[in-house]
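Trainee: Following this message is one structure expressed as structure tokens.
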Amino acid sequence: MSANSDFAQEIAEAVLSHISTMIRTGELPVVTEFVGIEEAAKICDVTPAGLKAMRDTARGPTYSKPTPRIVRYRVSDLEAWLASNRVEPGAEN
């Protein structure tokens, strides 16, 4: 390897290490299309218990359940559910 490629490799390793540290400490959040119950509740402006009540009664936004104890919501599903429940002013009786 040349001195330039060795230097480039050192820089790449330093950047990777720094980014990994930032992700681990929360300084650099990882963006994902799925969120947990707490974040989903914030997005929908409801409580986590409210989301659970909707899941238990087959209402509310679509969710994924990869294991019996893990529930995840796709952000686009939350947005679609909110949009589908829009009420035009004056249209509500």
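Trainee: Taking H as built 1.01 Å from N, whose amide H comes closer than 5 Å to the amide H of LEU28, not counting residues under 5 places away?
Mentor: Result for LEU28 returns ILE23.
Trainee: Here's a follow-up. What is the spin-label model distance, in nm, from GLU10 to ILE23 if the labels are put 7 Å beyond Cα along the C-beta direction?
Mentor: 2.5
Trainee: THR47's amide H: which non-local residues (gap 5+, or another chain) put their own amide H closer than 5 Å, with H modeled 1.01 Å from N in plane and none for Pro or chain starts?
Mentor: So THR47 has HN proximity to no qualifying residue.
Trainee: Rounded to the nearest 20 debye, what is the charge dipole size of the chain about its Cα centre when +1 sits on each Lys and Arg Cβ and -1 on each Asp and Glu Cβ?
Mentor: Charge dipole of the chain: 580 debye, to the nearest 20.
Trainee: Shifting gears a bit: Tell me, what HN-Hα J-couplings in whole Hz come from the Karplus equation 6.51 cos²θ - 1.76 cosθ + 1.60 at θ = phi - 60° for each residue of region 3-18, using x for Gly and Pro?
Mentor: 4, 5, 6, 5, 5, 4, 5, 4, 5, 4, 5, 5, 5, 4, 4, 5
Trainee: Please list 6-18, 68-80, 45-57 highest first by mean number of surrounding beta-carbon atoms within 10 Å per residue.
Mentor: Output ranking for 6-18, 68-80, 45-57: 68-80, 45-57, 6-18.
Trainee: Using only the Cα atoms of region 34-84, build the gyration tensor, take square roots of its eigenvalues as a ≥ b ≥ c, and label the shape rounded, prolate or oblate: rounded if a/c is under 1.5, else prolate if a/b is larger than b/c, else oblate. Don't skip to the answer; put the middle values down first.
Mentor: Details: a/c = 1.38, a/b = 1.23, b/c = 1.12.
Rounded shape, in that the Cα axes give a/c under 1.5.
No lab work stands behind these numbers, since they all come straight from the coordinates. Keep in mind the model is a prediction, meaning the values are calculated, not measured. Backbone-built Cβ (ideal geometry, glycine too); neighbour counts: all protein chains shown.
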